[in-house]
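Below: one structure, written as C-alpha cells.
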Amino acid sequence: MSTVHFTINGLQCETEKGTSVLQAALAHGIEIPNLCKDQRMEAFGACMLCRVEIDGARGNPLACATPVTEGMVIRSETDAVNESRRVCLELLLSEHTGDCVAPCTMTCPAHIDVHHYIEHIGNGEYEKALQLIKQQNPLPSVCGRVCTKPCEDECRRNLVDERVGINNLKRFASDYDRLHGPYIPEISSASGKKIAVIGAGPSGLSCAYYSAIFGHKVTVFEKHANPGGMLRYGIPSYRLPREILDFEVGIIEKMGVEFRYGVEFGKDIDYKKLKAMGYDAIFLGVGSQKGWDLGCEGEDRCSRIYTGVDFLERVEKYNDIDFTGLTVMVVGAGNTAIDAARTSVRLGAEHVQIIYRRGRAEMPAHPEEIHAAEQEGVEMVTLTNPKAVAMDGETIAVTLIDMALGEPDASGRCRPVPIEGSDHLCMADIVIAAIGQTQDLSFINDEFQLKTNRGTIVADSNTTQTNLPDVFAGGDAVTGPATAIQAIAAGAKGARSIDRFFNNQPLPKAEYDHVMGKKIQDVSPIYYEGEVKKEKQRPAELEPSVRIKGFSEVELTFTEEQAKAEALRCLKCGCGDALDCQLRKYSTKYDANQFAFEGEKHAKPLDTSHPVFVRDPKKCILCGTCVRVCRDIAGVNMIGFLYRGSGTETVPYLPGMMTGEKSCENCRLCVEACPTGALLFK
Ligand SMILES: Cc1cc2nc3c(=O)[nH]c(=O)nc-3n(C[C@H](O)[C@H](O)[C@H](O)COP(=O)(O)OP(=O)(O)OC[C@H]3O[C@@H](n4cnc5c(N)ncnc54)[C@H](O)[C@@H]3O)c2cc1C
Ligand code: SF4
Ligand code: SF4
Ligand code: SF4
Ligand code: FES
C-alpha cells in the first residue's frame, strides 16, 4: 500500500492511502468525536459529529467517510466545527430520555451519591453509607434532621407511590456512626498552607472539614461563644438537639481544626492582620445575621417586638423568656417564622398566630413544618399584613389590612395587594417579625474592598472566589438566606477551590448530566409502570401534647428494620453507562444543552426480555452500530430498524425473537459497541 502525507491541526503526518481522516487522526492521537463509526465497519454517517475542515473541500466533510489524500490539510477543532458538533449533539439529546445520574443526587446542592449510600444501607453496610455521605457533607446528622430535602421532591419513586425517605436514611446512617463510630476521615500530609475560616456556621464548618482533609492548617474565627451559626442560634433544639451538632463539630476538632470563639472579623481581626499572621487564604461564611424589622408605622415606639432571629438567639443564649398566658403574633411564613411560633408555644404562650400576606400555598416554610406547627396549636392567618402598631398599655394594637393576590412578581409568586378599607385591629402581647434577614458586612472598608451586590458578597458560583484572589466566600452571605445544605455545598466547594488555588490548578469542567425532565412533573410515569408499590416507612415522633411541654426532639430516627425496608424502596436511578457513555462525554466537551431544541420524546418502556441485556429504546440515538455489528461482524443479522422518522427504533426483526433461544448467539458484540446506555448487560 502506498503512503500519503497530510497535515492535521498543524501536525505533519502520514498514513496508508485509503485510510479515512477519522482513522488517520485517531492513529496520530488526535480525537475527532464520533458516535456511529466502528473501526471494523464502513462509515455510516448517522451522527455527523466527525465533521472537520479540509482546505479546498466544500462545507465540512465527515471525517469517517473521507479518505486522506496527498497533501491534505485538515483542522478538527475550529470554532465552526465545534459549534456544528454542539448543535448535532443538542438535536440528539432533544429526543433522548434518561437520567445520567440519579435525580436525587442531581438535585442535592452537595451532590451526595444518594443511590449508592441507600444501597449500602439496604445491604447493612452502614459505615460505608456514612463514609460516602461524608465525601460531600460533613454534617449528616444535622442535615438528617433539618434538611429541606429538595432531593426528595425529584425522587422518581414519586411516580410509583411516595418518595423515598432519603433524609431519614441519611439520619439513620449518621446516628449509627455516632453510636458505633465515629468515622474520622484520613488527613493528607501537612501542606504548609494556612486557611482562616470566618464563621462557624455550616458553610464555614464544611470548608474547615474538607480543607483539613487536604492537609491545610485551618483556624475558624467565630464571634459567638459556640459553633453552628443558625444551626444553633436559629434552629430550635426540638428540631436539632445540641449534642448532635456538638458531636459533628467535635469530629472537625479531632481532625485538627482550631476554633477561636468570641473573635469578630472586622473588629478583633481583619484581612491585614490575618495576612500578617501567615494565612494564605480566607473563607468568609458569615451568613445572614440581621433580621428585618416589621417596617410598619409606630414600630419605633413599641416595646415587646422582636425580630425572629433575635428572639431565637436569645432563647438559645439566655433561656430567660416566659410567654405563659400571652398572645404572640408572628409575622412571616418562612422557616424562621415557624420556628419562632413553635418556640413561643413551648415557652407557654396561650395563643400563637402566624400572620402572612400571601396564601397558604405560597408559604415558604416546608409543608411538614407548617403541619407540625398546626398540630401544636399555631393558628395560620393568611392574606393579611400589619399596617401599623401602637402600644395600648402593656398590649400591642396591630392594625392589619387584608390582602388579595395580584400578578406574579419577580420571585414568580403572586404579588400581595392591599384591599383598601379592610383595616382591622388585632391585639397581641408580643410581636415577632420573621419576614427575612440580611447580611452584616460592616467589615468591608477601604482596606478590604470586597465586591458586593444588593448586600450580598459577590463570589464565583463555581469557585466561591471573590474579587480578592485569596478570599473565598459561601453560604447565606453570598446567596442571601437559604438552606443548610446549600451552605454546606458552598463550603465544600470553597475548600476544593482553595486547594486548587494553592496548587495553581484550574477547576475541572462539570460533567454533562442528562435528565428525564426539567422537573419530575415532565417525566412520564409510563417508564415506572412495572414497579411494585412498597409501603413508605415513617419514623416515630412525639405526640403534640407531649412535645409542646418542652424542647425534646420531636422526630425520631428510623429503627434498623425501618431503614432497611425504606432503602429497598429505592429504584437505583441513574444510567448504568454514565461512566462510559460517549454521548455524555461529547456533550460535556462541547457544552451541549439538552433543552436547546424541543424534540419528540417517545414513551418506549424498558425491554428486559433478553436473557443477557436490557434494551432501553428511549436512550437509543439510532447510530445503527448494533444493527451493523450484528450483521457484519457477528454475521447473525438479528437487529433492524423499525418504523421511520423520529419514531424509528432498533429492534429484533421479529418481536420476541431476541429471547436467546432462537438465533441470537449472545455474543454481546452489540452491547459492547453501543455508544450510549441503550444496550446494557443485565
Ligand atoms: C430560624 C431559622 C431556621 C432555619 N431552618 C432551616 C431548616 O430547617 N433547614 C435548612 O436547611 N435551613 C434552615 N435555616 C437556614 C440555615 O440555617 C442557613 O441557611 C445556614 O445556617 C447558613 O449557613 P452559613 O454558614 O452561611 O451562615 P450561618 O449559619 O449564619 O453562620 C454564620 C456564622 O458566622 C458568624 N459570623 C458572622 N459574622 C462574623 C464576623 N464578622 N466575625 C466572626 N464570625 C462571624 C456567625 O456568628 C455565625 O456563627 C434556618 C435559618 C433560620 C434563621
Ligand atoms: S445514555 Fe448516556 S447520556 Fe443517556 S442517560 Fe445514559 S449516560 Fe446519560
Ligand atoms: S428512587 Fe432512589 S435513586 Fe431514584 S431518585 Fe429516589 S432515592 Fe434517588
Ligand atoms: S441501541 Fe444500537 S442504534 Fe441505539 S444507540 Fe445503541 S448501538 Fe446505536
Ligand atoms: S458521522 Fe462520522 S462518526 Fe458518525
Looking at Asp440, Asp476, Asp460 in this structure, which one is within 16 Å of ligand 1 (Cβ to nearest atom) and under 21 Å from the mean Cα position of the chain (by Cα)? Asp476
For Val101, state whether it is in contact (Cβ under 8 Å) with a residue 24 or more places away in the chain, over 21 Å from Tyr210 (Cα atoms), of a type in the set (Val, Ile, Thr) and within 16 Å of ligand 2 (Cβ to nearest atom). yes
Give the residues of segment 154-196 that are over 25 Å from the mean Cα position of the chain (by Cα) and of a type in the set (S, T, N, Q), sorted by residue number. Ser188, Ser189, Ser191
Sort out which residues of segment 31-76 are surrounded by 18 or more Cβ atoms within 10 Å (Cβ to Cβ) and β-branched (Val, Ile, Thr), and write them in order of number. Ile32, Val52, Ile54, Thr66, Val68, Ile74
Could you list, ordered by first residue, the pairs with Cβ atoms under 9 Å in which the first is in segment 85-96 and under 13 Å from Lys589 (Cα atoms) and the second is part of a helix (DSSP H, G or I), at least 6 apart or interchain? Arg85/Tyr586; Arg85/Lys589; Arg86/Ser587; Leu89/Leu583; Leu89/Tyr586; Leu89/Ser587; Glu90/Ser587
Restricting the search to segment 4-29, which residues are more than 13 Å from ligand 5 (Cβ to nearest atom), part of a helix (DSSP H, G or I) and surrounded by 20 or more Cβ atoms within 10 Å (Cβ to Cβ)? Ala24
Just to check your reading of the model, which residue among Cys47, Cys64, Cys36 is under 26 Å from Arg628 (Cβ atoms), part of a helix (DSSP H, G or I) and within 16 Å of ligand 4 (Cβ to nearest atom)? Cys64
Determine whether segment 135-150 contains at least one residue that is buried (at least 22 other Cβ atoms within 10 Å of the Cβ), within 16 Å of ligand 2 (Cβ to nearest atom) and either modelled with pLDDT of 95 or more or within 14 Å of Ala563 (Cα to Cα) (or both). no
Residue list for segment 30-41, restricted to those being closer than 22 Å to Leu92 by Cα and either away from ligand 5 (no atom under 11 Å from the Cβ) or among the hydrophobic types (A, V, I, L, M, F, W, C) (or both): Glu31, Ile32, Leu35, Cys36
Look at segment 29-61 and say how many of its residues are within 39 Å of the chain's Cα centre (by Cα) and on the phi < 0 side of the Ramachandran plot. 15
Those residues that are closer than 23 Å to Leu568 by Cα and acidic (Asp, Glu), I need them from segment 129-188; list them, please. Glu152, Asp153, Glu154, Asp161, Glu162, Asp175, Asp177
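Yes/no matrix, rows are residues, columns are (1) within 25 Å of Ala433 (Cα to Cα); (2) surrounded by 15 or more Cβ atoms within 10 Å (Cβ to Cβ):
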residue	(1), (2)
Arg232	yes, yes
Tyr238	yes, yes
Leu245	no, yes
Phe259	no, yes
Met277	no, no
Ser288	yes, yes
Thr307	yes, yes
Glu316	yes, yes
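Go through Val398, Val431 for me and flag whichever is under 24 Å from Phe311 (Cβ atoms), buried (at least 17 other Cβ atoms within 10 Å of the Cβ) and in contact with a Cys (Cβ under 6 Å, 6 or more places away or on another chain).
Numbers: Val431 fails: in contact with a Cys (Cβ under 6 Å, 6 or more places away or on another chain).
Every option except Val398 fails the conditions.
The values are calculated or read from the model by the stated rules, or taken from the named source; none is laboratory data. In this text the structure is predicted, and so the values were computed from the model without any measurement. Because the Cβ atoms are built from the backbone with ideal geometry, glycine has one as well, and the counts that use them run over all protein chains shown.
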